[in-house]
Structures are given as C-alpha cells and as structure tokens.
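Reviewing the structure listed below.
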Amino acid sequence: GGTTTRGIASRFLGWAIKTRLIDPDLRLTPHRRGTSPKLDSQAQNEAIDDHVHNADMPARHRAIAILLLVFGQPLERLVALTWDDVNITGDPVTIRLGGTADIELHPPLDEPFRQLAVQPHNHQTAAHPNSNWVFPGYSPGRHLDAGYIAGRLRATVGARAARLGTLHEITKFAPTAIIAEILGYSPATIEKHAIG
C-alpha cells in the first residue's frame, strides 16, 4: 500500500506485461497525494505523552518517536543524527534537524537524549568504537536502520501517519517558509502539507 511498494510493483507489472507473463490489461491504481492516513492533533498529543513517559521503551526508540511526532522528521534523517547535531551540555538540549537553526528540547522531551548521552546504546561493541552516531546500528560503523526502527515503533505509532499528521498540524502555527527552513524541508513540500 505504501508509495515505495506501489512504485516497485508498478515497475514489476510493466516488466511482466512486456515479457507477456501476465494479462496486458492488468492495471495498478496509482498513488494519489493526500490519500495516506495521518494522525490528528489529539492522537498526536496522546502518542507524544505515551512515548515521553514510557519507561519500558528503550531511550533511543523514545527519542526517535518524540522527534517524529513533534517535528515530523523522516526516520531516515533521524537515525542519521550525530552528536554534532545534538547539544546536551546546556539547558535546554538543542538539536539541529537538517535546517539552519537549532531547536530547543525542553523537559520532558529532552530526557531520552540526556539518557542516551550517559548510557549510549550499542557503543560497547567493537562495531562502534568512538562512534558519533546518536543511534548506532548493528552493523559496524553504521547508524540504526530506518526500517528497523519503523518496525519497532509500529506497535505504538505508525511512522508515516505520525509524520504526515505532524507536518499538517505544524503548518497551522507558523509560515511555511520558516517551518521549511527550521526543519530542513523544501518550502514546496511544507506548502503541500499545509493544503493536504
């Protein structure tokens, strides 16, 4: 059902028709922008509260979920954060998400990052000596895989629905150009989320 899956299936379908393996009249419904489900404001607030206060969830999963739900960042960007992007030495914690400005994370949103700085996950292995990744993965020198974290979060929140809902809600509070600049999106992308 996702756009990536649909794109792969469309290419396969074209090949299968071309090689005469299937009926040439078979068609796949193309994806239409704005049809994907998204979390509404109330569901987002509940999900944020659940992830902020969920002591059973690992700190790195909570940190990624918070950034996804509060700032609408794609998981691919979040898992690639380094400690150069996050400053925990002061109060409040600041983070740069691909834009031009640092964003302040006030308590309790900052707690998982402070916890990760003190007790880094997966830094104790030979795969990550002196790693600068905030979210080191299981392969040597690599960050956490976005697909892995999407699967881990699926039980509590759908990553795509959360990101789309957040981006739509954010556009209600500030001009699209400012949001795009701070969050590292193109203004055209944020404008589409404001409309959709």
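Summary table below
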| quantity | calculated |
| --- | --- |
| Rounded if a/c under 1.5, otherwise prolate or oblate - the stretch 138-196, Cα gyration tensor axes | oblate |
| Given 10 as the ceiling on other Cβ atoms within 10 Å, longest exposed-site-free region of the chain for trypsin sites (Lys or Arg not before Pro) in DSSP loops | 34-153 |
| Exposed chymotrypsin sites (Phe, Trp or Tyr not before Pro) absent: longest stretch of the chain, with sites in DSSP loops and at most 13 other Cβ within 10 Å deemed exposed | 1-137 |
| Most fluctuating residue given options 95, 22, 178, as computed from a GNM of the chain linking Cα atoms under 10 Å | 22 |
| Average accessible surface area per residue within the chain, 1.4 Å rolling probe, Å² | 57 Å² |
| Residue 91/residue 41 FRET efficiency (R0 30 Å; Cβ-Cβ; nearest 0.05) | 0.60 |
| Cα lying deepest toward the dipole's positive end in the chain, options 89, 26, 130, charges on Cβ | 26 |
| Spatially proximal lysines relative to residue 192 (Cα-Cα < 28 Å; intrachain offsets below 8 disregarded) | 38, 172 |
| Charge dipole magnitude, Cβ of K and R +1, D and E -1 - the chain, Cα centre, debye nearest 20 | 1100 debye |
| Only Lys, Arg (+1) and Asp, Glu (-1) charged, at Cβ; the stretch 35-149 dipole about Cα centre in debye | 380 debye |
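The values are calculated or read from the model by the stated rules, or taken from the named source; none is laboratory data. Keep in mind it's a predicted model, so treat the numbers as computed, not measured. Counting neighbours? That spans all protein chains shown, and the Cβs are built from the backbone with ideal geometry, glycine included. These accessible areas exclude ligands, DNA and RNA; they are computed on the full protein's heavy atoms, side chains included. Shrake-Rupley method; radii C 1.70, N 1.55, O 1.52, S 1.80 Å.
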